[in-house]
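Asks: Here's a structure for you.
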Amino acid sequence: QEVLAWAALGIDAAAWRALPGRVGRGEASALHGLPLPLAIEMLQKLCHDAAAVACGAAPRFFPPGSLVAGANLAALSAWGRELTRLATEADHPWIVDLGVESLVEQGRQALKTARSQQQPAQALSLNSPR
């Protein structure tokens, strides 16, 4: 049922596989237009799998190889706590796009590897020209 509901929102297998890379690049547009509770749920699954891979385990929600090993576990833990905190408030009528942009930026920071920290990346917001 969850897969059918997500498909109705335009989240197909390709979009799901691409999510770790898009969040890693700071592309908030990956979650544009989704209900905030769903966006948070997707980011929680990404955070969980990134932490698992950082510990040497296999991902649970994303296909193997879709996440880069070497993310900072402390940063992932902090991001996970923020996602959990916001999940309790996700139905509050605040500005969804800004919330998603903030969470994706935190994810981009958390998904950085030692190698990627040497190369600054330009984050793209929902309002960035394509």
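The values are calculated or read from the model by the stated rules, or taken from the named source; none is laboratory data. Computed from a predicted model, the values in this text were never measured in an experiment. Note: ideal-geometry Cβ built from the backbone for every residue, glycine included; neighbour counts use all protein chains shown.
Asks: So which residues in the range 52-78 are under 24 Å from Ala14 (Cβ atoms) and either hydrophobic (A, V, I, L, M, F, W, C) or under 13 Å from the mean Cα position of the chain (by Cα) (or both), if there are any at all? If you could, list the steps in order and put the result at the bottom.
Replies: Start the filter on the range 52-78 by keeping residues that are under 24 Å from Ala14 (Cβ atoms), which leaves 52-53, 58-69, 71.
Result: Ala52, Val53, Ala58, Phe61, Phe62, Ser66, Leu67, Val68, Ala69, Ala71.
Asks: Return yes when Ala58 is at pLDDT 90 or above, of a type outside the set (Val, Ile, Thr), surrounded by 14 or more Cβ atoms within 10 Å (Cβ to Cβ) and closer than 26 Å to Ala7 by Cβ and no when it is not.
Replies: On the way: at pLDDT 90 or above: yes; of a type outside the set (Val, Ile, Thr): yes; surrounded by 14 or more Cβ atoms within 10 Å (Cβ to Cβ): no; closer than 26 Å to Ala7 by Cβ: yes.
The answer is no for Ala58.
Asks: Could you go through the range 68-79 and let me know if any residue there is touching a Phe, Trp or Tyr at 6+ places or on another chain (Cβ under 8 Å), part of a helix (DSSP H, G or I) and not polar (S, T, N, Q). Show your work before the answer.
Replies: Within the range 68-79, the first condition is being touching a Phe, Trp or Tyr at 6+ places or on another chain (Cβ under 8 Å), and the residues that meet it are none.
No, the range 68-79 has no match at all.
Asks: In the range 32-51, how many are over 10 Å from the mean Cα position of the chain (by Cα) and crowded, with 18+ Cβ neighbours inside 10 Å?
Replies: Total meeting the criteria: 4.
Asks: Within the set of pairs 6+ apart or on separate chains, which have a first residue in the range 55-77 that is closer than 15 Å to Ala18 by Cα and in contact (Cβ under 8 Å) with a residue 24 or more places away in the chain, a second that is polar (S, T, N, Q) and in a loop (DSSP other than H, G, I, E, B), and C-beta atoms under 8 Å apart?
Replies: Listed by first residue and then by second, the contacts come to Val68/Thr113.
Asks: Tell me which residues, restricted to the range 79-98, are surrounded by 15 or more Cβ atoms within 10 Å (Cβ to Cβ) and at pLDDT 75 or above. Walk me through how you get there before you give the answer.
Replies: Taking the range 79-98 as the starting set, the residues that turn out to be surrounded by 15 or more Cβ atoms within 10 Å (Cβ to Cβ) are 79-80, 82-83, 86-87, 90, 96-97.
Hits for the range 79-98 are Trp79, Gly80, Glu82, Leu83, Leu86, Ala87.
Asks: Still on this structure: Return the residue satisfying two criteria in turn: it lies in the range 99-130 and is at pLDDT below 70 and in contact with a Lys or Arg (Cβ under 9 Å, 6 or more places away or on another chain), and of such residues it is nearest to Ala30 (Cα to Cα).
Replies: Within the range 99-130, the subset at pLDDT below 70 is 114-130.
Filter once more, so that each one left must be in contact with a Lys or Arg (Cβ under 9 Å, 6 or more places away or on another chain): 121-124.
On the way: Ala121: 17, Gln122: 15, Ala123: 12, Leu124: 10 Å.
Per the criteria, the residue is Leu124.
Asks: Which of the residues spanning the range 2-31 are exposed (fewer than 14 other Cβ atoms within 10 Å of the Cβ) and not in a helix (DSSP H, G or I)?
Replies: Correct list: Leu9, Gly10, Asp12.
Asks: Which ones in the range 1-21 are in contact (Cβ under 8 Å) with a residue 12 or more places away in the chain and within 18 Å of Gly65 (Cβ to Cβ)?
Replies: Result: Ala15, Trp16, Arg17, Ala18, Leu19, Pro20, Gly21.
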